[in-house]
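Chemist: Take a look at this one; I'll ask things after.
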């Protein structure tokens, strides 16, 4: 994600006046080199993580539903995970 996209996400999240809020992180991760585990390790530990593989097992959709305390906390997690090569943030 670019800085503009992070700023736009932050603006959208800031419109929510009730924190903490339930948030859903979703990433498409190449199923190679332990990248799925890298993503999971960066997700909040108190969240519920689910996986969905593509038919050819080349990619894994990783979804985490979790209560987050602030927009900044969401941006922090998203930016760390998006820095992993090949990971797409949805």
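The values are calculated or read from the model by the stated rules, or taken from the named source; none is laboratory data. Owing to the predicted nature of the structure, the values given are computational and were not obtained by experimental measurement. Positions of Cβ are generated from backbone atoms using ideal geometry, with glycine treated the same way; all protein chains shown enter the neighbour counts.
Chemist: Say we look at segment 61-74 and pick out the residues that are in a helix (DSSP H, G or I) and more than 10 Å from the chain's Cα centre (by Cα); which of these is nearest to residue 47 (Cα to Cα)?
Modeler: 73
Chemist: Going through segment 8-33 one residue at a time, which ones are surrounded by fewer than 11 Cβ atoms within 10 Å (Cβ to Cβ) and part of a helix (DSSP H, G or I)?
Modeler: Selection gives 11, 12.
Chemist: Same structure again: If you check every pair at least six apart or on different chains, which have Cβ atoms under 9 Å apart with a residue in segment 1-13 that is without any contact (Cβ under 8 Å) to a residue 12 or more places away in the chain and at negative phi first and a residue that is surrounded by 12 or more Cβ atoms within 10 Å (Cβ to Cβ) and not in a helix (DSSP H, G or I) second?
Modeler: 5/89
Chemist: Now for a separate question. Given 40, 62, 36, 66, which one is in contact with a helix residue (DSSP H, G or I) (Cβ under 7 Å, 6 or more places away or on another chain), surrounded by 11 or more Cβ atoms within 10 Å (Cβ to Cβ) and at pLDDT 95 or above?
Modeler: 62
Chemist: Any idea how many residues of segment 75-90 are part of a loop (DSSP other than H, G, I, E, B) and surrounded by 13 or more Cβ atoms within 10 Å (Cβ to Cβ)?
Modeler: 2
Chemist: Could you grab me the full set of residues in segment 42-60 that are more than 17 Å from residue 74 (Cβ to Cβ) and in a helix (DSSP H, G or I)?
Modeler: none
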